[in-house]
Structure formats: structure tokens, C-alpha cells
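Structure record follows, encoded as C-alpha cells.
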Amino acid sequence: MSDKYQMFENRLAKVHKHLAKTARRQGITCFRLYDRDLPEFPLIIELYEDKVSVAEYLSSHGMDDDAYDEWLERSVESVGKVLGVPGKTSSSVPVNAKPTGKANTKNSASRRRRSPCRKTG
């Protein structure tokens, strides 16, 4: 595994350990774990009860299509590995995109779905 993916996994593990402990103490079940912390990974990772949401900020990454697909797949696999969920169950949705038709409308609608979250206090 390349150093950048190992660095990403280490960052996620460190932040998850801290935030999960804090959330558990405060009775919070949904929270943002990661928000573009490392420039090489312009992602948003949120936890909703037992679900993981992975979204991507649109950016000019300079990769060709094959390299981008590999980066995205490995990034989602890294998230799954750290959080203990299969990478295929995470979703990736572009964020900050202009609506360009029905496909984007569907993605926008799926982002608006509500999950039951608990917050006490």
C-alpha cells in the first residue's frame, strides 16, 4: 500500500477513535468523521448510526479516468478497512456540483434522506 493511503488510514483511525469516544459519552450517534483533512483525499465521511456516507468534493485532481477510478476505489476501501465495513457498501456522491440533469437530481434526492439520529443533552 502506498504511503498516502497508509497516511489516510492512520488519520481516519486516530480521528475515529477520538470522536467515537466523545460521541458515545454525549449520546450522539451521527457525526462527521472526516472533512477534507488531507488535500489528497477531498472527501467527507459521515457516520449515521451504523451507516457510513462517503462523499467527494469536486476538485481538479489532474488524474486520468483510470487513475481516478483506482484512487476512489482504494479510498473507499481504506474507509471500510478502518471502520470495519465492506468498502462496497459505502456510497460516493459528488458534492458542490451543478445540477446537470436527472442523474444529478437523483443524487441530490438521496443526500436529503433522513436517518434517525440520537442526540441527548
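The values are calculated or read from the model by the stated rules, or taken from the named source; none is laboratory data. No experiment lies behind these values; they were computed from the predicted model shown. Neighbour counts run over all protein chains shown; Cβ positions are idealised from the backbone, glycine included.
Just a few scattered comments:
- Hey, T100 out of contact with any Phe, Trp or Tyr (no Cβ under 9 Å at 6 or more places or on another chain), at pLDDT below 90, over 30 Å from K4 (Cα atoms) and among the polar types (S, T, N, Q) or not: yes
- Only one of the numbered conditions (1) over 15 Å from V85 (Cβ atoms); (2) touching a Cys at 6+ places or on another chain (Cβ under 8 Å) is not met by A67, and that is (2).
- Residue match in region 20-39 (condition: among the hydroxyl-bearing types (S, T, Y), under 30 Å from M63 (Cβ atoms) and surrounded by 12 or more Cβ atoms within 10 Å (Cβ to Cβ)): yes
- Qualifying positions in region 49-69 - touching a strand residue (DSSP E or B) at 6+ places or on another chain (Cβ under 8 Å) and among the small types (G, A, S): S53, A55
- Residues within region 28-43 that are aliphatic (A, V, I, L, M) and in contact with a strand residue (DSSP E or B) (Cβ under 6 Å, 6 or more places away or on another chain), tallied: 2
- Residue under evaluation E46, criteria (1) surrounded by 13 or more Cβ atoms within 10 Å (Cβ to Cβ); (2) touching a strand residue (DSSP E or B) at 6+ places or on another chain (Cβ under 7 Å); (3) among the acidic types (D, E); (4) in contact (Cβ under 8 Å) with a residue 24 or more places away in the chain, criterion not met: (4)
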